[in-house]
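For reference, the structure discussed in these notes is given below.
The values are calculated or read from the model by the stated rules, or taken from the named source; none is laboratory data. Bear in mind that the values here come from a model prediction, so they are computed numbers and not experimental data. Here the Cβ positions follow ideal geometry from the backbone for every residue, glycine too, while neighbour counts run over all protein chains shown.
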Amino acid sequence: MKVLVFHIGPDRYGLPLRQVRRVLPLLELKGIPLAPDSVAGLMNLHGAPTPVIDLSRISGGAPSRQHFDTRIVVADYTAPDGKVHALGLMAERVQGVHDVSTQELAPSGVQAAPFLGQVAGDAKGMVQLVEVNDLLPAELRARLFPAEVEAG
Amino acid sequence: MNNLSIKNKLYIGFGSIVAIILLLLILAYNNFSRLTDANNWDKHTMEVLIELDRVNNASLQIQVDTRGYILTGNETFIASERENAEQLKQHIAKAVQLTADNAQQNERLKRAQALLATWADVNIRRQIEKRRALGDTKGAADTLGQSSELKEAAAIVSTARELMEQAGEEERRLLAERSAKSVELHSSQNNLMIGGGIAVVVLSVLIAYALARAILGPLSNLTAALSRLGGGDESARIEVTSGDELGKVSEDFNKMAVQLQAATRRELDLTNDLRRKVDALLVTVSGAANGDLTGKITVTGEDAIGQLGEGLQRMFDNLRQLLNNVQKAGIQVTTSATEIAASAKQQEATGVEQAQTSVEVLSTTKEISSNTSQLLKTMEDATAVADFTTNATSEAQGNLRRMDQTMQNMVNATDSINAKLAALSEKASNINSVLTTITKVADQTNILSLNAAIEAEKAGEAGRGFSVVATEIRRLADQTSVSTWDIEQMLKEMQSAVSASVMGMDKFSEEIRRSVGEVRQVTDQLSGVMDQVQKLAPQFDAVLQGMQAQAVGAQQISETMMQLNDATQQTVESLKATSEAVHQLQYAAGDLQSSVSTFAVNA
C-alpha cells in the first residue's frame, strides 16, 4: 500500500494514498476567530471553503513551521453519517510517496491517540499510519461540519 | 665557761675526773665491807654448828661409854667419863656464848645446856652407881636395862638433842640466807665495777675533749694569725671568742696589728707624697727640655722639694720672657720679607702676563689673516654651489609636475574601477532574483510531481507508467533545488568579495589624492628655495671685498705687537733679580723663626 510520508516533530507518519485528494503548497489561510488551536484556518479550494487542521498541533505539539516543504494535503474525510468532506491537513516535511507492504504492518500496541494506527519499519526508521476518519473528535467535527451544511 | 682562766679549766676538768673515781671507790669499798660482814656471819654460823656437833659427839661418847660399862661392868669404859662430861659442858657453854646475839637460839641452847648438865651429872652418875652396886651379879645388865633410870636418861638426852637439832636447823637456814645475800652482793659489786669503769672512761674522754677544744682552738687561731702577720698580711686579726689568757693575748695581738698597719700606711703616704712632687717636677722639667716652657710648677712649701720647685718656676718665667721677645722679632722680620717677596712676585707675574698677552694678540692676528684668506676661498665655493643649486631646483620642479600628472591619471582609473564594481554588484542582485524564481519553479514542480503520483496511484494499473515519470520529475525538482541553493551561496560570496574590493579601492584612491596634494606642496617650496638661492650671489661678492680689507689691517696689528713684546721681556728680567734677593732674606728669617719656635712659651 502506498502512503504519503510527512513528519510530526522528528517522527515519520504516513497518510494512506487512497484518502489523499491532492497536495497544495502553503497558501494564505483565512483565520477563524474563537476556533480551537488545532484549526489552522480556512482555505479556498476551487471556490469551496475548506477547513485546515494543523497535524502538529492536533498531536499536542507546537504549530507547524513554515518551511518550503511544509504542505497542505487535501484529504477525504468520511463522517460517521457516511458523508465525505474535503479536509485540509497542514503537514511538515512532506517527503513523498512510499510503498509499505501490508505484511510489514503491525499494531503499535500503544493506544495514545484514536487516529494513530499500525506501524511499519524500513531503513530510515518506523512509519505510523494516520487514520483520517478518526482525526476529528466529535465536538470539533460538529463545529467544522454542521449537519445542515451540504458537503461540496 | 669561756671566761674561765686556763688554770681553772684544768682544775675543773681533772677535779671532776678525780671526783668520779672517788665516788666509784667509795661505792666499791662499801660493797666490800658488806661482803666481809657476810663472810664473818658465815664463819660465826659455822662455829656454832661445829660446837653443836661437838656437843653431840661428847654426849654420844658419854652414852656409848656408859652403855659399855653397863653391859660389861668394866671400869675402863668410864675412866674418862668425867673428862667427857666436862668437854660437853664446855662446848655447850661455848655454843650458848656464840649465840648470844640470837635470843631464840640462845634460849634453846640454854635449855639444852640445862638438860645436858642434869643428864651428865645426875642421870649418868645414877646409872653408873647402880651398875657399880650390882657388881658382877648375873643379869645385871638386863636389870639395869629394864630400869627407869635408863629410860629417863634417854628421854632427857633425846630432848636435848632435839633442841640442838632445831638450833642447828635454824643456823643452817640463816647460813643459806646469808650466802644468797652474799652472792647478790657479789654480782652487784661486779656490775658496779664494770658500769662505773665505763662511765669513768667516757666522762674522762669527754672532759679531755672539751678541755682540748677550749685551749687548743684559740691557740691555733693565734698561731695562724701570727704566721699571716709574719708573711706580711697586716690585716690579719683574731676573733676573740673567750675571756681567758688566750683571749687576752688575741686582743693584744689585734691591737698590735692595728698599730702596725697604721704605721705602715703613714710611712707609705709620706713616700707617695714625695714621689708625686718629684714626678710633677720631672714632668715640667722634661717638658722644658723638649721645648715646652708653658708648664707651671705647682710644688711649693718650706721643705727642700718646695724650694727647689719655686727656684725652677722663677727660672722658667725668665726663660719664657726672653724667648717670647725673640719670637716676636723673628715674626716681624718674616712678615716684612714675605710682603716684599709677594709684591715682587706680583710685579713679575704682571710682566709675564703682559708678554703672554702680546704673544697671544700676535698669534690671534696671524690666525685672523689666515682665516680671512680661507674664508675667501670658501665664499668662492659657496657661489659655485649656489649656481648649481639653482639649476637642480628648476629640474626637480619639472619632474614634480610630471609626477602630479601621473597621480591624476591614477585617480581617474580608480574611479572607473569603482564604477565597474558597482555594476557587478547590481548584476549579482539580478542573478539573485532569477534564482528565487528558479527555486519557486522547483517547488511547484515538486508539488506537481506529488499530485501526479497521487493521481497515478488512483488511476491504478493504467497510471503505473505515469507514476514512474512523476517520481523522475520529483527527483529533477529536488536536484534543481540543491543546485539553486549552491548558486545562491556562491553569489553571496561573490557579492561580499566585490564590496570588499570597492572599500579597498576607495581607500587607495583617497591615498593617491593625498599624495598628489603633498607633491604640489613640495613643488611650491622648491620654487621658493630657488628664488632665495638666486638672490644670494650678489651678497657673496660684497662679503669678499670686506674680507680683503680685513687681511691688510691684521698685518699692521701684528707688527706693532712684536715691538711691545720686546719691551715687556726686559722688565720681567729685572723683576726676577729683585725677587731672588728677597727670597734669600725670607729664608734667613724663616730659619730664625723655626729655631725659636721649638720653644713653646704660651699656655
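Check B:VAL157, B:VAL183, B:VAL205 and return the single one that is surrounded by 12 or more Cβ atoms within 10 Å (Cβ to Cβ), part of a helix (DSSP H, G or I) and among the aliphatic types (A, V, I, L, M).
Values: B:VAL183 fails: surrounded by 12 or more Cβ atoms within 10 Å (Cβ to Cβ); B:VAL205 fails: surrounded by 12 or more Cβ atoms within 10 Å (Cβ to Cβ).
Among B:VAL157, B:VAL183, B:VAL205, only B:VAL157 is surrounded by 12 or more Cβ atoms within 10 Å (Cβ to Cβ), part of a helix (DSSP H, G or I) and among the aliphatic types (A, V, I, L, M).
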Test: residue in segment A:4-18 that is surrounded by fewer than 18 Cβ atoms within 10 Å (Cβ to Cβ), among the aromatic types (Phe, Trp, Tyr) and within 13 Å of chain B (Cβ to nearest Cβ): no
Unmet requirement for B:ALA419, which otherwise passes all of (1) in contact (Cβ under 8 Å) with a residue 40 or more places away in the chain; (2) out of contact with any Leu (no Cβ under 9 Å at 6 or more places or on another chain): (1)
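Give me the residue from segment B:76-101 that is free of Cβ contacts under 8 Å to residues at least 40 places away in the same chain and among the polar types (S, T, N, Q) and, out of that set, nearest to B:LEU60 (Cα to Cα).
Looking only at segment B:76-101, we keep the residues that are free of Cβ contacts under 8 Å to residues at least 40 places away in the same chain, and these are B:76-77, B:79-80, B:82-90, B:93, B:96-97, B:100-101.
Pick out the ones that are also among the polar types (S, T, N, Q) and you get B:76, B:80, B:84, B:87, B:90, B:97.
Working: B:THR76: 17, B:SER80: 13, B:ASN84: 10, B:GLN87: 12, B:GLN90: 15, B:GLN97: 22 Å.
Across segment B:76-101, the extreme among qualifying residues is B:ASN84.
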Selection count, segment B:1-52, where residues are in contact (Cβ under 8 Å) with a residue 24 or more places away in the chain and within 30 Å of B:ARG108 (Cα to Cα): 14
Residues (assigned to a loop (DSSP other than H, G, I, E, B) and touching a helix residue (DSSP H, G or I) at 6+ places or on another chain (Cβ under 8 Å)) located in segment A:1-21: A:MET1, A:GLY9
Enumeration of residues in segment B:210-227 that are within 18 Å of B:LYS248 (Cβ to Cβ) and more than 42 Å from the chain's Cα centre (by Cα): B:ALA214, B:ILE215, B:LEU216, B:PRO218, B:LEU219
Which listed residue, of B:GLU457, B:GLU461, B:GLU493, is touching a strand residue (DSSP E or B) at 6+ places or on another chain (Cβ under 6 Å), part of a helix (DSSP H, G or I) and among the charged types (D, E, K, R): B:GLU457
Segment B:293-316, residues that are more than 17 Å from B:ARG276 (Cβ to Cβ) and surrounded by fewer than 12 Cβ atoms within 10 Å (Cβ to Cβ): B:GLU302, B:GLY311, B:ARG314
Top-ranked residue of segment B:360-377 - restricted to ones that are among the charged types (D, E, K, R) and at pLDDT 80 or above, ranked as farthest from the chain's Cα centre (by Cα): B:LYS377
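Got a number for residues in segment A:63-73 being among the aliphatic types (A, V, I, L, M) and at pLDDT below 80?
Taking segment A:63-73 first, the residues among the aliphatic types (A, V, I, L, M) are A:72-73.
Applying the additional criterion that residues be at pLDDT below 80 yields none.
So the answer is 0.
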From the options B:ALA355, B:ALA337, B:ALA349, residue that is assigned by TED's automatic domain parsing to the domain that holds B:MET561, more than 60 Å from the chain's Cα centre (by Cα), over 30 Å from B:ASP566 (Cα atoms) and of a type in the set (Gly, Ala, Ser): B:ALA337
So B:VAL55, is it of a type outside the set (Lys, Arg) and modelled with pLDDT under 85: no
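Can you say whether B:LEU268 is over 30 Å from B:GLU310 (Cβ atoms) and in a helix (DSSP H, G or I), as far as the supplied structure shows? I'd like the intermediate steps shown before the answer.
Working: over 30 Å from B:GLU310 (Cβ atoms): no; in a helix (DSSP H, G or I): yes.
Considered against the rule, which asks whether it is over 30 Å from B:GLU310 (Cβ atoms) and in a helix (DSSP H, G or I), B:LEU268 comes out as no.
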Hits in segment B:208-240 - residues which are in a helix (DSSP H, G or I) and of a type in the set (Lys, Arg): B:ARG213, B:ARG228
Residue count, segment A:23-39 (criterion: under 25 Å from B:ILE447 (Cβ atoms) and in contact with a helix residue (DSSP H, G or I) (Cβ under 8 Å, 6 or more places away or on another chain)): 5
Test for B:LEU281: is it under 47 Å from the mean Cα position of the chain (by Cα), among the aliphatic types (A, V, I, L, M) and either over 30 Å from B:LYS7 (Cα atoms) or not in a helix (DSSP H, G or I) (or both): no
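Only one of these is surrounded by 12 or more Cβ atoms within 10 Å (Cβ to Cβ) and in contact with a Lys or Arg (Cβ under 6 Å, 6 or more places away or on another chain): A:LEU42, A:LEU87, A:LEU27. Name it.
Numbers: A:LEU87 fails: in contact with a Lys or Arg (Cβ under 6 Å, 6 or more places away or on another chain); A:LEU27 fails: in contact with a Lys or Arg (Cβ under 6 Å, 6 or more places away or on another chain).
Result of the check over A:LEU42, A:LEU87, A:LEU27: A:LEU42.
Name the residue, out of B:THR484, B:THR378, B:THR406, B:THR393, that is more than 14 Å from every other protein chain (Cβ to nearest Cβ) and buried (at least 17 other Cβ atoms within 10 Å of the Cβ). Break it down stepwise before answering.
Details: B:THR484 fails: more than 14 Å from every other protein chain (Cβ to nearest Cβ); B:THR378 fails: buried (at least 17 other Cβ atoms within 10 Å of the Cβ); B:THR406 fails: buried (at least 17 other Cβ atoms within 10 Å of the Cβ).
B:THR393 is the lone residue from the list that is more than 14 Å from every other protein chain (Cβ to nearest Cβ) and buried (at least 17 other Cβ atoms within 10 Å of the Cβ).
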Scope segment B:465-523; condition under 30 Å from B:ALA453 (Cβ atoms), among the basic types (Lys, Arg) and in contact (Cβ under 8 Å) with a residue 24 or more places away in the chain; matching residues: B:ARG474
Within segment B:430-460, tally of residues that are in contact (Cβ under 8 Å) with a residue 12 or more places away in the chain, surrounded by fewer than 20 Cβ atoms within 10 Å (Cβ to Cβ) and polar (S, T, N, Q): 3
B:ALA419 being away from chain A (no Cβ under 14 Å), in contact with a Phe, Trp or Tyr (Cβ under 9 Å, 6 or more places away or on another chain), assigned to a helix (DSSP H, G or I) and aliphatic (A, V, I, L, M): no
Residue list for segment A:94-121, restricted to those being closer than 23 Å to A:LEU45 by Cα and surrounded by fewer than 18 Cβ atoms within 10 Å (Cβ to Cβ): A:GLN95
Unmet requirement for B:SER433, which otherwise passes all of (1) farther than 30 Å from A:HIS98 by Cβ; (2) touching a strand residue (DSSP E or B) at 6+ places or on another chain (Cβ under 9 Å): (2)
